[in-house]
Each structure stands twice: as structure tokens, then as C-alpha cells.
């Protein structure tokens, strides 16, 4: 054993064994077991029957499944795009302001921006559900002349999904802001000084120097946003319900998976773990198709 620790490479690898054990136990094995389960039908009490790709076939051909899955997929894509355009664009805008040379009170504003992230999602969802309810907030909005905001934002199919997505952006914007701030502060001042000497303005410095240098961080944030939104469940559960009310307009892949694979609320009233695993497998493939190219593009070195 002593001879093993004399080799630095071997000694450091031994420290990875506990982490590798927990990763395999709680991440890799559940993933592989979910992939296996997608080829079966049944339950723990009734036994399992191998059906091959039948679950996937039903998911895309049987109307009671395909209609809900296609609707949930479209809603999830919209949910993701709102986060990319609102949360991440505002995140990098706030980060540029917070790292400005003449910015005052940056610690205070950083705390204010990050504070919603520390609030439990169920608490956030419940509070915003009250604020978006015209019965609770209507009189206050009318008193300050904002009558046009008095409407059932979560009760109309045209506004419910965007309302939930914007609340999610408000809560989690602190994470991309802090990551962008750290990346911008890591840029060598010599590049910025040289650009100032050449007469570049603030927008040119950001677009030509800062943004290309923080491209790896932009890629990581885009990947995290993509993965988190395609696995989103709690914000919909807190603000509407697992049925994606109203009329499935806020139904995401995460809520659809819960209803079919765990709760059994749709369409036959009993859980269908095999079909739920098929939905999880399709989601995993979608994530791989989005994450791998983004990771390769954003992490490669610039020529």
C-alpha cells in the first residue's frame, strides 16, 4: 500500500473512488435502469413484461399519448427560449453593469439580484400566484393606475406559460449573473486598456473582446439552462398544477412524465412506469443532441 502512495498519479486517483462510487450509485445506475425500464410494461406489484419499442411506438402514434407529448415538448421549447432571451440576456447585461469601472454599490445590487435564488420554489410559486391573481392584486394595481395589468395571467392559455416562465427567470437570474460576473472579472485588463487606446467604445469592447473571451462560460450557462428547463417541474407544480392548467397550456415534459409514470393521472388513471421511462429516455436523447454540439462549439479554443 505504501508503494501505491509513492506514485502521485495513483495516490490522487484513490481519492476519486468515493465520488465515483456515489456517481455510479445515484446517477449512472438510475439512468441505465431507466433506459432498461423503457422496454418493459407493468409494475413492481404486477410484474414486468418485455415489449421492446412498443412504449416508444405508442408515445408517437397513440393519440392520447402523442398529443400530450407534442404539446408538452412545444411548451418546453418555448419555456427554454424565454429563459435564454430574458434570463440569460438580462444576466449578461447586469453582469456588465456590475463589473463596470464606475459602478457603485455593486455588492448591494449583487445581493438583491441573487436573493430570489435562495427562496424555496414552492414559496416563490405561491407568492407569485397571489400577485398574478386579479382578486388579490387588482385593487392595488388599479390604485396606482396600472389597470391594464389586472387580468387572470395564470387563468388564460395565451399568457399562463409566459407568466410561469418569467417568474422562473426572476428567481434564477442570479446564477447566470454571478457566473458572468466571475468570467468578466477574469479578463486581463491589458486587453481592455489596449482597446481603449485604439479608441474602441464600450459596445465594441464588449462585442469584440469581452464576449468572445467568456464564450466558454456562455456555453456552460446555455447548457445549464437547456438541461434545467427540459427537466422543469417544480415551478409549474407550484403555480398551476401537474395537469399544466389551464387546458395543458403550461404542461411541460417534466409534468407529463410525472402524470404518466408516477401519479397515473393521465390517461388511464394508474401509473405506467414503462411509458414514463420512455418519455425520460426521449428527453435524455434530446438533451444529448443539444448539449454535446453546444459543448464542443463553445469550449474549443479560438484559432
**OP:** From the list 90, 115, pick out the single residue that is surrounded by fewer than 12 Cβ atoms within 10 Å (Cβ to Cβ), within 23 Å of residue 217 (Cα to Cα) and within 24 Å of the chain's Cα centre (by Cα).
**Re:** 115
Subject >> Among (1) farther than 30 Å from residue 56 by Cβ; (2) assigned to a helix (DSSP H, G or I); (3) touching a helix residue (DSSP H, G or I) at 6+ places or on another chain (Cβ under 9 Å), the one test that residue 107 misses >> reply: (3)
**OP:** Kindly list the number of the only condition in (1) closer than 20 Å to residue 256 by Cβ; (2) part of a helix (DSSP H, G or I) that fails for residue 41.
**Re:** (2)
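May I ask you to list the residues in the stretch 55-73 that are buried (at least 17 other Cβ atoms within 10 Å of the Cβ) and within 25 Å of residue 33 (Cα to Cα)? Before the answer, list the steps.
In the first step, residues of the stretch 55-73 are kept if they are buried (at least 17 other Cβ atoms within 10 Å of the Cβ); the result is 55-56, 58-59, 65, 68-69, 71-73.
Those that are buried (at least 17 other Cβ atoms within 10 Å of the Cβ) and within 25 Å of residue 33 (Cα to Cα): 55, 56, 58, 59, 65, 68, 69, 72, 73.
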Original post:
Checking residue 238 against (1) more than 24 Å from residue 298 (Cβ to Cβ); (2) out of contact with any helix residue (DSSP H, G or I) (no Cβ under 9 Å at 6 or more places or on another chain); (3) part of a helix (DSSP H, G or I), which test does it fail?
Top reply: (2)
**OP:** From (1) surrounded by 17 or more Cβ atoms within 10 Å (Cβ to Cβ); (2) in contact (Cβ under 8 Å) with a residue 40 or more places away in the chain, pick out the condition that doesn't hold for residue 295.
**Re:** (1)
Subject >> Number of the exception - residue 275 against (1) under 22 Å from the mean Cα position of the chain (by Cα); (2) in contact (Cβ under 8 Å) with a residue 12 or more places away in the chain >> reply: (1)
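Every number here is computed from the coordinates shown, using simple stated rules; none is lab data. As the structure is a prediction and not an experimental result, all values here were calculated from the model. Don't worry about glycine lacking a Cβ; one is built from the backbone with ideal geometry, like all the others, and counts go over all protein chains shown.
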